[in-house]
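Student: Structure in structure tokens, see below.
The values are calculated or read from the model by the stated rules, or taken from the named source; none is laboratory data. Computed from a predicted structure; not experimentally measured. Don't worry about glycine lacking a Cβ; one is built from the backbone with ideal geometry, like all the others, and counts go over all protein chains shown.
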Amino acid sequence: MRLLIMGPQGVGKGTQAELLAKHYGIPAISTGDIFRYNLKNNTPLGQEAKGFMNQGLLVPDELTNKIVKDRLAMDDVAKGWILDGYPRNAAQVEALDTMLEELGTPLDAAVALTADRSVLMERMTKRAEIEGRADDTPEAIEKRLDVYEHETAPILDIYRDRSKLVEVDGVGEISDISAAIIARL
């Protein structure tokens with residue numbers, strides 16, 4: 001099973017990715033984890049990414065695509081994977097399409113979790129309090145949700161047009177949301 005898990009910050013993508021990974025016996029891969037692995041292990045890709053990050057810049061799509069492709073070519077993903085946090089824009093969708101074609105591993109589905117903006121704000125504000133996350137100010141949360149709406153949400157239509165989109169309400173009991181995703185897959 002090869003899945004994307006998509007949705008705005010605070011909708012529960014990471015939680016559901018982990019539960020689905022256990023259910024299907026495949027790794028959940030977040031782009032953040034891939035970057036941290038490459039930085040920690042000082043790989044050539046990690047060194048390249050660090051150069052951008054040290055300047056306070058976003059890692060460009062081209063490098064992000066290389067890092068994801070490198071991860072999807074590893075042995076532990078032979079039976080499948082769940083990608084969390086990628087693709088984030090239309091250019092990354094095209095790059096992922098090319099990667100999957102080259103690797104001979106077609107995408108099974110893109111799971112999109114949904115929730116009202118007010119629920120997301122409440123969840124992330126609570127998370128900031130619990131985890132002490134300085135980056136989860138109301139202003140920062142609003143900005144990230146706006147970026148998602150303008151850059152990432154439009155790519156859901158690409159997967160909808162390909163009949164690959166599975167939309168599930170991200171509000172409710174965690175186990176009920178997982179069950180709904182699995183039933184829809």
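Student: Only helices (runs of 4 or more DSSP H) wholly contained in region 1-101 count here; list those with 3 or more residues that are modelled with pLDDT under 90, under 30 Å from residue 116 (Cα atoms) and not hydroxyl-bearing (Ser, Thr, Tyr).
Tutor: 31-40
Student: Tell me, please, whether a residue that is touching a residue at least 60 places away in the same chain (Cβ under 8 Å), of a type outside the set (A, V, I, L, M) and assigned to a loop (DSSP other than H, G, I, E, B) can be found in region 160-168. Outline the logic, then answer.
Tutor: So in region 160-168, the residues touching a residue at least 60 places away in the same chain (Cβ under 8 Å) come out as none.
No: region 160-168 contains no residue that is touching a residue at least 60 places away in the same chain (Cβ under 8 Å), of a type outside the set (A, V, I, L, M) and assigned to a loop (DSSP other than H, G, I, E, B).
Student: Only one residue in 80, 85 is more than 11 Å from the chain's Cα centre (by Cα), closer than 27 Å to residue 174 by Cβ and surrounded by 15 or more Cβ atoms within 10 Å (Cβ to Cβ). Which one?
Tutor: Selected residue: 80, the only one of 80, 85 that is more than 11 Å from the chain's Cα centre (by Cα), closer than 27 Å to residue 174 by Cβ and surrounded by 15 or more Cβ atoms within 10 Å (Cβ to Cβ).
Student: Same structure again: Which of the residues that make up region 32-60 are within 19 Å of residue 102 (Cβ to Cβ) and under 14 Å from the mean Cα position of the chain (by Cα)?
Tutor: 34
Student: Further question: Those residues that are within 30 Å of residue 181 (Cα to Cα) and free of Cβ contacts under 8 Å to residues at least 40 places away in the same chain, I need them from region 61-71; list them, please.
Tutor: Result: 61, 64, 65, 66, 67, 68, 69, 70.
Student: Turning to a different aspect of this structure: If you go through region 1-30, how many residues are touching a Phe, Trp or Tyr at 6+ places or on another chain (Cβ under 9 Å) and without any contact (Cβ under 8 Å) to a residue 40 or more places away in the chain?
Tutor: We begin by selecting, within region 1-30, every residue touching a Phe, Trp or Tyr at 6+ places or on another chain (Cβ under 9 Å); these are 1-4, 6-9, 21, 26-30.
Narrowing further to those that are without any contact (Cβ under 8 Å) to a residue 40 or more places away in the chain: none.
Residues meeting the conditions: 0.
Student: Pick from region 35-55 the residues that are of a type in the set (S, T, N, Q) and surrounded by 12 or more Cβ atoms within 10 Å (Cβ to Cβ): which of them is farthest from residue 85 (Cα to Cα)?
Tutor: The extreme case among them is 43.
Student: Just wondering, is there one or more residues in region 38-48 that are in contact with a Gly (Cβ under 6 Å, 6 or more places away or on another chain) and among the polar types (S, T, N, Q)?
Tutor: yes
Student: Okay, next question. Under 30 Å from residue 129 (Cα atoms), among the hydrophobic types (A, V, I, L, M, F, W, C) and either without any contact (Cβ under 8 Å) to a residue 12 or more places away in the chain or surrounded by fewer than 15 Cβ atoms within 10 Å (Cβ to Cβ) (or both), is that true of residue 58?
Tutor: Spelling it out, residue 58 is indeed under 30 Å from residue 129 (Cα atoms), among the hydrophobic types (A, V, I, L, M, F, W, C) and either without any contact (Cβ under 8 Å) to a residue 12 or more places away in the chain or surrounded by fewer than 15 Cβ atoms within 10 Å (Cβ to Cβ) (or both).
Student: In addition: Between a first residue in region 31-55 that is under 28 Å from residue 3 (Cβ atoms) and a second residue that is polar (S, T, N, Q) and loosely packed, with under 15 Cβ neighbours inside 10 Å, which pairs have beta carbons less than 7 Å apart while being 6 or more apart in sequence or on different chains?
Tutor: none
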